[in-house]
1. Rounded, prolate or oblate: pick one for chain B, where a ≥ b ≥ c are the square roots of the eigenvalues of its C-alpha gyration tensor, a/c under 1.5 means rounded, and failing that, prolate if a/b is larger than b/c, else oblate.
2. About its Cα centre, what dipole magnitude does segment B:305-438 give when the only charges are +1 on Lys and Arg Cβ and -1 on Asp and Glu Cβ, stated in debye to the nearest 20?
3. So what does log10 I(q)/I(0) come out to for segment B:151-261 at q = 0.21 Å⁻¹, using the Debye formula with one equal point on every Cα and no solvent?
4. Shape call for segment B:166-208 from the C-alpha gyration tensor, a ≥ b ≥ c root eigenvalues: rounded (a/c under 1.5), prolate (a/b greater than b/c) or oblate?
5. Calculate the FRET efficiency for B:Gln12 and A:Ala12 from the Cβ-Cβ distance with a Förster distance of 56 Å, rounded to the nearest 0.05.
6. First measure r as the distance between the Cβ atoms of B:Asp425 and B:Asp266, then evaluate 1/(1 + (r/R0)^6) with R0 = 22 Å and state the FRET efficiency to the nearest 0.05.
7. Under 19 Å Cα to Cα from B:Lys427, which aspartates and glutamates show up? Leave out anything in the same chain fewer than 8 places away.
8. Mean residue ellipticity at 222 nm from the helices of chain B, using -39,500 (n - 2.57) per DSSP H segment of n ≥ 4 over the full residue count, to the nearest 500 deg cm²/dmol?
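Derivation of every value follows stated rules applied to the coordinates shown; laboratory data play no part. Small disclaimer: the values here were computed from a predicted structure and weren't measured. Note that each Cβ is placed from the backbone with ideal geometry, even for glycine, and that neighbours are counted across all protein chains shown.
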Amino acid sequence: MKYALLIYADEAIENAMSEEEQAAMYQEYFAFSEAEREAKSMLGGEALQPVATATTVSVRDGKTLTVDGPFAETKEQLGGFYLLDVANLDDAIEAAARIPGARTGRVEIRPLIDFDDM
Amino acid sequence: MTPDPRSAPPTQEVVRDHLAQVLKEKGGALTGALVRHFRDLELAQDTLQQACRRALETWPRAGLPDRADAWLLVTAKRSGTDVVRRAAVWSRKAETLGHERSSDPDPETVLVQRLDQEGLDDDLLRLIFLCCHPALNPEAQLALTLQTACGLDTEEIARCFLSKKKTIAQRVVRAKRKIRAAGVPFRIPPPHLLGERLQVVLTVIYLIYNEGFLATREAERTDLAREAIRLATLVARRLSGEAEAAGLLALLLLVDSRRATRFDDDGVLVELHRQDRSRWDRDQIGRALELLRRTLMLRRVGPFQVQASIQAIHAEADTAADTDWHQIVALYDVLRALQPSPVVMLNRAVAVRMAHGPQAATTVLDRLAAAGALDGYHLFHVAQADCRAALGDTDGAVQAWRRALKLTGNPAERAAIERRLREADDKAVPAQPSKTSS
């Protein structure tokens, strides 16, 4: 089954880390990606640039509205995601728990819609 | 499996009763077996329902089958396989089920040979773990377990929890959808997950028991206490190395042993010290104590075993006065270390009152009151009231009982509190000639 693992974290926490701590964290992410590739469960994943770089677009009554910033001002923001193909929710939970962001923030697991199943 | 042609075919009523009986005993297990077969909870339940409808149609003509459970299982599987084959979009499922086409002349006989109680028990256990998965919120876990493993219908569940039928129905539907969409697995959790998942299952079973515990006799058609004990027995038996599962079973058996004395003839809750101990179920107590003794030897103590040990002390006391309250306080100290919670602290305070007197207990209760966590809990105010009454502060006691009354809707509990208020009233007011009007 395919899942999106959405990593939400408070950017302030990461910004407060020392260079060594950040480097260690990136190393962990790298190791996680490698492990998932090895297990043949990795479908994709990316790290997102900080929330300050975000632009939000909506279209209402045919008019395009462009606004500086994320879709909502929340303490924790989307910082990255993985797309994994694993056997069941327990395996997705176990993978999410290995994501560094789960220790400082939270990882939301969402099953993907499988259009072949409809 | 053909019926004896000399016997008269069963009436509709006999068929219905027999079906109801089978569902009561085996419904959860059959659902589990079907979930294992179809890998889908809703399909499992739908096909079982269909099989029941088929039974009501055919059994009056063909007679009651020897093994109704096997009959239902075969019929459900067949109707489900048809559904799966017909629906092109379920192509993946159809592939896996295709090989199940049986060429046996009498598939029911074959199934009966393979349908052993252990297999059914395991499927029921898998089903319970499914319903109690952490991906579902606690209310959903409870409602789904009652509906799926215990076979309660929405109305019965709603009545037990004083909820609306619609609320429960929506909750159950959402939970089933989540299970399917999010891929919650149907299995006994692997060793590295078993401990934490079992804790949830045991907690849900405990909640089921507690909801049944306080049901007045009037509220009865559903014996939640029996259901909880049935599930606890299953879990303890199938997971025989798990000390806490056995601990929960021992706890429930001990508390349940007092069922005959829990209510008086007016449906009012009777406190422990007022119960007629000669009417406690001594056989059940004996079995529970033996189970607890063996379990404690595993040396894997947990909260349920400690609670069972506390109940064991009550069970072993011939009279209320013989109760070893100091031991109970000590056990609450152990429990507090394992499972610190305001309710544990409250129960400990009650034990402190019995062991060390109301003044000592008041100190503990005042600390709890300051922390504020138990403000909305009626039993906290009852405990305060009892302490104040013991210290001679009747006004303070009445105030606390009144507060408690506002916080619980359960009729049996309310009656018990109201009786305490009446007793306090009788003591306070000197005897007067009664008024002619009321």
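1. Details: a/c = 2.25, a/b = 1.92, b/c = 1.17.
Taking the square roots of the gyration eigenvalues as a ≥ b ≥ c, chain B is prolate.
2. Working: 14 positive and 15 negative charges, 104 e Å.
My answer is approximately 500 debye.
3. Taking Cα atoms of segment B:151-261 as identical point scatterers yields -1.21.
4. On the way: a/c = 4.08, a/b = 1.38, b/c = 2.96.
Since a/c reaches 1.5 but b/c is at least a/b, the shape of segment B:166-208 is classed as oblate.
5. Numbers: r = 70 Å, r/R0 = 1.26.
FRET efficiency, B:Gln12 to A:Ala12: 0.20.
6. Numbers: r = 18 Å, r/R0 = 0.81.
With a Förster radius of 22 Å, E is 0.80.
7. Output for B:Lys427: B:Asp386, B:Asp393, B:Asp395, B:Glu418.
8. Working: 20 runs with 303 residues, N = 438.
-22500 deg cm²/dmol, from helical runs alone.
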